[in-house]
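Visitor: I have a structure here, written as structure tokens, and I will follow up with some questions on it.
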Amino acid sequence: MRLVAADVGGTYARLGLVDLADDGFRVGFHRRYACAAFASLAAVLRQFRHEAEAAGERDIPKVCVVAIAGVLQGDALLNGNLAWPVSLAATRRDAGIAQLHLVNDFEALAWALPRIPRAQFLPLGEPDGLPRPVLLLGPGTGLGAALLVEHAGRLVVQPSEAGQAALAAGTPLELEVVRLLQARFGHVASERVFSGPGLVTLYQALCALRNLPPRWQAPAEVVAAADGGQDPLAAEAVSLLCGWLGSFAGDLALVFRARSVCLAGGLTGHLLQHLRDGAFMRRFLDKGVLSDTLRQVPVHALEHGDLGLVGAAAWLAAQPRT
């Protein structure tokens, strides 16, 4: 089987032709697009088809699976981080795709976990392996989460909207940040901090608390300033995010009794060296009487790359045939 697979987030859309075979998935012709450069999801899908045909691809598949951030409620996709509203029926019609499926991006990525080569899992702690249940957590434009479990000999994925859960403070500084953000936003979702835009929000909050003007406006600028030693507040923001994310990941691991944890998402790759510095794992393990339990939980980072395309294909392969 062959399909058009897409991985659509708040910033980029990755599309590719994926072949499903007994020995796994192979990604062929693929492209990446900036979502803001298009008027709709259908426009992205049409552009990909046009470029694939121009590159000599013939017989473009009629099945398309889009792994996309958000929750499908009826015909509408609920997500505040996308560049445009998404209607399943309108996208199917305007893109000219008869068999179009929209699935939560981290639900799809969780289906891909058993098919990812072990070399792509980068350890953050000492234990190794990927025992189930696996908690998948991904800071990017937003914050995605899903749980991969095994039930009655079958794999099952439970999607989640953990990114919309209220942000919980664990230190006096975090409490100050939460109070500041509550005054500004009201409800403070976890992805308000645990995301690329959240890193900027966190940096700006620290600037406000120190009565200093912010120098950086984009996540990449904050990370670059922290890496280059240009701004102590940028470095503090990065360190604060990594430690706070570790605490959040530890909370979710306890809530779901996860036996392993994987970090994906676009921000993870940019912060990999900082995630390895120790603050993330210290806060992950700082859970009182259950700290020793979490020491047995392997924690890995994943470079996102084309994994979303594999996830879309893995989701399709997992669906029952009728």
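The values are calculated or read from the model by the stated rules, or taken from the named source; none is laboratory data. This structure is a prediction, so every number in the text was calculated from the model and none was measured. Neighbour counts are summed over all protein chains in view; Cβ atoms, including those assigned to glycine, are modelled from backbone coordinates with ideal geometry. Side chains included, ligands, DNA and RNA excluded: accessible areas come from the protein's heavy atoms. Shrake-Rupley method; radii C 1.70, N 1.55, O 1.52, S 1.80 Å.
Visitor: How many Å² of accessible area per residue for the chain, probe 1.4 Å? Mind dumping the intermediate values first?
Guide: Numbers: 14590 Å² over 322 residues.
Ligands and nucleic acids excluded, the figure is 45 Å² per residue.
Visitor: In debye to the nearest 20, how big a dipole does the chain give about its Cα centre with +1 on each Lys and Arg Cβ and -1 on each Asp and Glu Cβ? Before the final figure, lay out each step's value.
Guide: Numbers: 28 positive and 29 negative charges, 84 e Å.
Here the chain has a charge dipole of around 400 debye.
Visitor: Oh, and also: Amide H neighbours of F29 under 5 Å, counting only residues 5+ apart in sequence or on other chains, H built in-plane at 1.01 Å?
Guide: Distant-sequence amide H within range of F29: L17.
Visitor: Using only helices, what value at 222 nm comes out for the chain when you add -39,500 (n - 2.57) per DSSP H run of length 4 or more and divide by the total residues, to the nearest 500 deg cm²/dmol?
Guide: Mean residue ellipticity at 222 nm (helix-derived): -11500 deg cm²/dmol.
Visitor: Please give the direction-averaged projected area of the C-alpha convex hull for the stretch 50-174, in square nanometres with one decimal. Before the final figure, lay out the partial values.
Guide: Working: hull surface 49.2 nm².
The number I arrive at for the stretch 50-174 is 12.3 nm².
Visitor: Okay, moving on. Carbon-plus-sulfur fraction of the accessible area of the stretch 40-89, 1.4 Å probe, in percent?
Guide: The C+S portion of the solvent-accessible surface of the stretch 40-89 is 51 percent.
Visitor: What per residue convex hull volume, in Å³, do the alpha-carbon atoms of the chain yield?
Guide: Dividing the Cα hull volume of the chain by its residues yields 149 Å³.
Visitor: Next question, about the same structure. Note down, for the stretch 153-283, the three equivalent ellipsoid semi-axes (square root of 5 times each alpha carbon gyration tensor eigenvalue), biggest first, whole angstrom.
Guide: Taking √(5λ) for each Cα gyration eigenvalue gives 26, 17, 13 Å.
Visitor: Could you please state how large a percent of the accessible area of the stretch 97-240 is carbon and sulfur, counting protein chains only and using a 1.4 Å probe?
Guide: C and S atoms contribute 53 percent here.
Visitor: Taking the mean number of other Cβ atoms within 10 Å as a proxy for protection, how do you rank 258-265, 286-293, 25-32, 137-144 from highest to lowest?
Guide: Top to bottom by mean Cβ count within 10 Å: 137-144, 258-265, 25-32, 286-293.
Visitor: When the dipole is taken about the Cα centre of the stretch 1-40, and only Lys, Arg (+1) and Asp, Glu (-1) are charged at their Cβ, what size is it in debye, to the nearest 20?
Guide: The dipole magnitude comes to about 220 debye.
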